[in-house]
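A.B. asks: Supplied in structure tokens, the structure appears directly below.
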Amino acid sequence: MYSILPALVASVFLGYGLYVLCTQGFTRIGISFSALCMISAFWQGTWAVLFQVHTPGLAMFLIKFGYLLILFLPTSLYHFLTEVSDRPNERHLVYLSYGIASILALFLIGGDLFVAGYYEYFWGYYPKAGPLHPVHVLQTVVVVCRGLYITLLQQKTAPPNKRIRLRLCIAGILTYFFAAVDYLCNYGFEFYPPGVLFIAVSLGIITVAIVKYGLFNPMAIAASVAHEMRTPLLSIRNQAQGINKYIPTLLHSYQLAVANNLCPPSLPPFALNYLATIGKTLTHEVDRTSAVLDMMLASIKMDQIDKSSFAQHDMGHCLNEAIERYTYDRQDRERIVVSAAEDQDFRFYGSDTLLILVLFNLLKNALYAIKVAGKGEIQIWTVGGPSINRLYFRDTGTGIAGDALPNIFDGFFTTKQSGGTGVGLTFCHRVMASFGGRIRCDSVAGQYTTFTLEFPVVENAPDTAPDKMVSPIVATSLRQTEESTAHSPPHVL
């Protein structure tokens, strides 16, 4: 009966470790967590068998066999916390700890310096600590405390969602650490080792971090990165505005000084033009980056949008707002042709904020395709229908290759050679689905790409909704963006 609990916990850890590895992929966090689960399962599974053995020789074999991976358990805890805390500079210490565990494993296999036999307790055999066993105990204390310390430091400055995940990891590993009370049994204290209960509870805590707060979710990780970029981007924008404000005065003073022979003309004409526009250029680039972050954050948090806040909005108005607010390079604005007839305008039921961000993304992608192709323009038009209203968005740039077309709405898939995040079209797809509509794409490589946004007719929907009902997430995104500045059958996705 003493083997039932460790056997049950071992099977849970083994199954969960494999599940995380299969569903979350071979990421650094996923691998480190799966390693922790596997080692825990190995530990408890071996002890479950050991408690059923009645032959001393077999018991000694199981003890050494079980400890082969148990030696790496504290380092796996440290490794997991290092990856969760995003501290790559700690990895050399993690590898050093793995090295120490490997050396202890050699002593374990080669003699009795690490395990000096066994005790016979009321529940069965249990390993007896040898002279080198305290080294393993000391290593456990040092590396786990170090891991908890760096995670504690990281959560103090982390964004709110990430802070919750880190705190749950701290709680989970700290609970796991209490399983070290089992070491007392290695030194002759006879009580049924309760460590199995602590590691079971710790798995439950970490599971909450994984399932509820997306510990291994790449979109959640992307959200953390996006939040952390906010502050430096704001600082750069403020500095750029300062440059834009004071550079004209300095350039004017320089030109007066040259005209009055007070200093030689040391700056070439192109340098004067460059300095005159550098502030606007920096502000423009920051604004575009902020718009990308807005779309990323809104996409990640789509599940937090309350659809009851949706209202009727005029498509023509949203289209004009998006075109006017978007930040363009040079003469890109002239490439956009809106040919929506007044009698083809329509209203849709959803969020105008989200739709404007969708149009931002389509504009960004289309202008990129035109730039790469060195040709093209953007055509936008609307068509009303008895049950479905449509907005068509076409660019005549590079087009999309046929083998890539079925994947363009997949998360993190991008056809851009550089600078693509792969979240923009995923965001568009999710927004249109939340409106009860859909987005489709038809493209011929080298000729055109056409996106069709389909909206259900909403004749009986309420006419208005108060602004305060708009989702705080997307409302913040749009506010930040404002401050910073005949069709072939489509491919269905």
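The values are calculated or read from the model by the stated rules, or taken from the named source; none is laboratory data. In this text, all values refer to a predicted model and were calculated from it rather than measured experimentally. No Cβ is skipped: glycine too gets one built from the backbone with ideal geometry, and neighbour counts run over all protein chains shown.
A.B. asks: If I filter region 269-290 for residues that are modelled with pLDDT under 80 and of a type in the set (Phe, Trp, Tyr), do I get at least one hit?
C.D. replies: no
A.B. asks: Could you tell me whether residue 168 is closer than 26 Å to residue 68 by Cα, part of a helix (DSSP H, G or I) and of a type outside the set (D, E, K, R)? Give the steps one after another, and end with the answer.
C.D. replies: Numbers: closer than 26 Å to residue 68 by Cα: no; part of a helix (DSSP H, G or I): yes; of a type outside the set (D, E, K, R): yes.
Judged against the criteria, residue 168 is not a match.
A.B. asks: Would you check if residue 59 is surrounded by 16 or more Cβ atoms within 10 Å (Cβ to Cβ), modelled with pLDDT of 90 or more and either in contact with a Phe, Trp or Tyr (Cβ under 6 Å, 6 or more places away or on another chain) or not in a helix (DSSP H, G or I) (or both)?
C.D. replies: yes
A.B. asks: Does residue 53 meet the test of being surrounded by fewer than 18 Cβ atoms within 10 Å (Cβ to Cβ) and either among the β-branched types (Val, Ile, Thr) or outside the structural domain of residue 179 (by TED's automatic domain parsing) (or both)?
C.D. replies: Values: surrounded by fewer than 18 Cβ atoms within 10 Å (Cβ to Cβ): yes; either among the β-branched types (Val, Ile, Thr) or outside the structural domain of residue 179 (by TED's automatic domain parsing) (or both): yes.
Against the criterion (surrounded by fewer than 18 Cβ atoms within 10 Å (Cβ to Cβ) and either among the β-branched types (Val, Ile, Thr) or outside the structural domain of residue 179 (by TED's automatic domain parsing) (or both)), residue 53 qualifies.
A.B. asks: Here's something else I'd like to know. What pairs come out if I take residues in region 162-173 that are over 10 Å from residue 151 (Cβ atoms) and assigned by TED's automatic domain parsing to the domain that holds residue 145 and pair them with residues that are crowded, with 23+ Cβ neighbours inside 10 Å and of a type in the set (Ser, Thr, Tyr) whose C-beta lies under 9 Å away, six or more apart or interchain?
C.D. replies: Filtered contacts from region 162-173: 171/202; 172/202.
A.B. asks: Looking at (1) under 19 Å from residue 37 (Cα atoms); (2) surrounded by fewer than 16 Cβ atoms within 10 Å (Cβ to Cβ), which one does residue 144 not meet, given that it meets all the others?
C.D. replies: Among (1) under 19 Å from residue 37 (Cα atoms); (2) surrounded by fewer than 16 Cβ atoms within 10 Å (Cβ to Cβ), the lone unmet condition for residue 144 is (2).
A.B. asks: What number goes with the only condition from (1) in contact with a Gly (Cβ under 8 Å, 6 or more places away or on another chain); (2) modelled with pLDDT of 90 or more; (3) not small (Gly, Ala, Ser) that residue 344 does not pass?
C.D. replies: (2)
A.B. asks: Now for a separate question. Sort through 94, 20 and tell me the only one that's surrounded by 19 or more Cβ atoms within 10 Å (Cβ to Cβ), in a helix (DSSP H, G or I), modelled with pLDDT under 90 and hydrophobic (A, V, I, L, M, F, W, C).
C.D. replies: Criteria check complete, one pass: 20.
A.B. asks: Name the single residue, out of those in region 393-413 being charged (D, E, K, R) and assigned to a loop (DSSP other than H, G, I, E, B), that is modelled with the highest pLDDT.
C.D. replies: This residue is 403.
Condition check ((1) touching a His at 6+ places or on another chain (Cβ under 8 Å); (2) outside any helix (DSSP H, G or I); (3) closer than 19 Å to residue 181 by Cα) across all residues:
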{"residue": "89", "(1), (2), (3)": "no, no, no"}
{"residue": "100", "(1), (2), (3)": "no, no, no"}
{"residue": "128", "(1), (2), (3)": "no, yes, yes"}
{"residue": "131", "(1), (2), (3)": "no, yes, yes"}
{"residue": "137", "(1), (2), (3)": "no, no, yes"}
{"residue": "148", "(1), (2), (3)": "no, no, yes"}
{"residue": "154", "(1), (2), (3)": "no, no, no"}
